[in-house]
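Quick notes on the structure that follows.
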Amino acid sequence: MSLPTTVDVIVIGSGITGAATAAAAAARGASVVLLDKEQGPAREGSGRAQGSLRVQGRHRAEFPLAREALELWTEAAAESDFELVTGGNLYFHTRHEELPLLSDLVIEAHRAGLTEVRLLDAAATRRIIPCATGPFLGAMWSPLDAQCRPDKGTEHYVRRAERAGARIAYGIKVTELLEAGGSITGVNTTDGPIRAGAVVVAAGVWTPYLVKTVGLDVPIMPVVMSELETDPVEPLFTQTIRAFGFGARQRPGGQVVVSAGLNAKVSHGVSLADFHGLRYWLPRAVAFRKNTKLRLDTKRILEQIRHRSTLDTALVPAISPEPPVDKPVVHTALSRLSTVIPRLRNAKISRYWGGVVDMTPDGLPVIDGHAGPKGLVVITGLSGHGFTLGPVLGEIAADLSLDGHTERSIESFRLSRFTDAPVGTPEMMI
Ligand SMILES: Cc1cc2nc3c(=O)[nH]c(=O)nc-3n(C[C@H](O)[C@H](O)[C@H](O)COP(=O)(O)OP(=O)(O)OC[C@H]3O[C@@H](n4cnc5c(N)ncnc54)[C@H](O)[C@@H]3O)c2cc1C
């Protein structure tokens with residue numbers, strides 16, 4: 001496809017955030033181009049997510065967005081099949097010391113009006129999930145939550161954008177944001193420039209590189225999370241499961257997707273980029289030192305030395321390499337899940353994959369339409385739980401790029417929070 005020379009809105013990134021943005025902006029009559037450096041949609045975070053559409057267990061500022069997003073996911077599922085199942089969510093606890101955090105999460109959920117969320121003992125939990133015949137103490141139960149296939153869910157929004165008239169172009173890397181007189185004027189790409197009055201950067205872990213071209217600093221730490229999927233087994237549970245050390249969902253076809261759940265272990269390749277914003281990261285690094293495996297990324301360091309920069313867009317790969325999978329972490333997770341659901345003890349593993357998470361120091365997203373030149377909207381830092389929010393992030397990005405403001409409450413997600421006040425550390429790793 002030849003690229004348009006001028007549009008109303010350029011959207012960078014065809015993950016769920018960018019796809020939903022393109023769909024929402026095009027549906028409101030704007031001319032839109034959606035660009036991605038990869039050869040198809042959802043090749044980075046969005047296609048690699050576990051697919052839990054979790055409403056509860058979030059920071060209070062995220063609750064309204066998560067609730068609205070779930071309604072939007074439910075409406076979208078009436079248009080196409082991306083394996084949406086509304087089966088609720090169970091946070092198991094297997095040790096007494098885990099209970100206080102779950103009790104706090106219930107209080108937070110009730111404050112946000114999610115009165116259905118409650119703590120159950122083991123017997124009441126088994127009435128909801130009879131296959132959980134192994135030992136555990138109880139669970140926090142939310143009947144609201146859902147799950148879906150994340151690559152298909154994202155493709156649904158890409159198709160919706162296309163139907164609404166957006167142009168979609170893959171294999172196009174954006175190399176620079178363009179501004180003049182304090183306003184965004186377009187972007188440079190590997191296929192030439194495009195002009196626009198609004199640019200939405202939904203580029204996941206690569207967002208800091210793009211926004212640096214207009215002088216913005218966004219503190220994102222890329223960390224890798226691992227997943228596995230089993231061969232199909234008989235239908236066992238429809239809930240999404242989250243616990244200290246394991247997380248899971250069973251797809252309608254019987255496959256069980258497993259991750260390390262709450263307080264997952266993640267890996268991070270240390271490079272010169274880590275010197276950026278070290279003061280924001282140190283408190284989090286110390287609090288979660290047991291959850292993070294560090295390795296020296298010498299290849300990246302050599303590239304950074306060659307480019308004499310840690311944030312040049314030349315360092316953004318045209319096609320991202322496959323993230324390294326931490327098999328021991330997901331094997332341990334499956335083994336812990338099998339203790340609670342013994343039927344999974346002999347399940348055969350059919351595939352493994354890793355995905356890179358765009359982590360912020362406080363675990364909250366950056367959603368901002370006023371941080372840089374007029375017309376620039378930045379959405380990133382979804383910190384491992386942003387797939388759920390995608391559809392509402394698209395509506396917000398359309399509000400900000402077309403109207404300059406949104407009625408939704410996004411004050412807690414502004415970029416300037418990192419410089420205005422001391423940065424808080426989240427209670428959970430993911
Ligand atoms: C293993 C794993 C499990 C997860 N599980 C869940 C879950 O169960 N539930 C949940 O809610 N969340 C989950 N998440 C988090 C979720 O996947 C992300 O928060 C969400 O998908 C981020 O979407 P995004 O569209 O913002 O970014 P991405 O999906 O990462 O999309 C960014 C896109 O931008 C493109 N891009 C970047 N730079 C450029 C450039 N210069 N030019 C052109 N294109 C560019 C990339 O190619 C990419 O396609 C998980 C994440 C991982 C890694």
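The values are calculated or read from the model by the stated rules, or taken from the named source; none is laboratory data. Just so you know, these numbers come straight off a predicted model, no measurement behind them. No Cβ is skipped: glycine too gets one built from the backbone with ideal geometry, and neighbour counts run over all protein chains shown. Surface areas here come from the heavy atoms of the whole protein model, side chains and all, with no ligands, DNA or RNA. Shrake-Rupley method; radii C 1.70, N 1.55, O 1.52, S 1.80 Å.
Quick check on SER271: is it farther than 29 Å from HIS59 by Cα and either open to solvent by 30 Å² or more (accessible area, probe 1.4 Å) or within 21 Å of the chain's Cα centre (by Cα) (or both)?
no
I need every pair where a residue in segment 113-124 that is farther than 16 Å from LEU99 by Cα and touching a residue at least 24 places away in the same chain (Cβ under 8 Å) has its Cβ under 9 Å from the Cβ of a residue that is open to solvent by 20 Å² or more (accessible area, probe 1.4 Å) and in a loop (DSSP other than H, G, I, E, B), sequence separation at least 6 or different chains.
Close Cβ pairs satisfying both conditions: LEU114/LEU144; GLU116/PRO143; GLU116/LEU144.
Among the residues of segment 63-95 satisfying the criterion of being out of contact with any helix residue (DSSP H, G or I) (no Cβ under 8 Å at 6 or more places or on another chain) and of a type in the set (Asp, Glu), which is nearest to the ligand (Cβ to nearest atom)?
Within segment 63-95, the match that is nearest to the ligand (Cβ to nearest atom) is GLU71.
Would you call ALA260 of a type outside the set (Val, Ile, Thr) and closer than 28 Å to PRO100 by Cβ?
Judged against the criteria, ALA260 is a match.
Please count how many residues of segment 204-241 are within 19 Å of LEU364 (Cα to Cα) and not aromatic (Phe, Trp, Tyr).
15
May I ask you to list pairs of residues, at least six apart or on different chains, whose Cβ atoms are under 8 Å apart, with the first in segment 232-252 being part of a strand (DSSP E or B) and the second being aliphatic (A, V, I, L, M) and open to solvent by 30 Å² or more (accessible area, probe 1.4 Å)?
Taking only residues 6 or more apart or on different chains, the pairs are GLN250/LEU236.
Looking only at segment 383-424, which residues are under 18 Å from the mean Cα position of the chain (by Cα) and away from the ligand (no atom under 16 Å from the Cβ)?
Correct list: SER412, ARG414.
Can you work out which of the residues in segment 106-131 that are open to solvent by less than 10 Å² (accessible area, probe 1.4 Å) and modelled with pLDDT under 95 is nearest to ARG67 (Cα to Cα)?
LEU114
Looking only at segment 134-175, filter to residues that are without any contact (Cβ under 8 Å) to a residue 60 or more places away in the chain and surrounded by fewer than 20 Cβ atoms within 10 Å (Cβ to Cβ); which one of those is farthest from ALA26 (Cα to Cα)?
That would be LEU137.
Taking only segment 314-331 into account, find how many residues are out of contact with any Gly (no Cβ under 7 Å at 6 or more places or on another chain), among the β-branched types (Val, Ile, Thr) and either under 18 Å from ASN346 (Cα atoms) or open to solvent by less than 70 Å² (accessible area, probe 1.4 Å) (or both).
Adding up the residues that qualify gives 3.
Return yes when THR230 is crowded, with 19+ Cβ neighbours inside 10 Å and within 14 Å of the ligand (Cβ to nearest atom) and no when it is not.
No, not satisfied.
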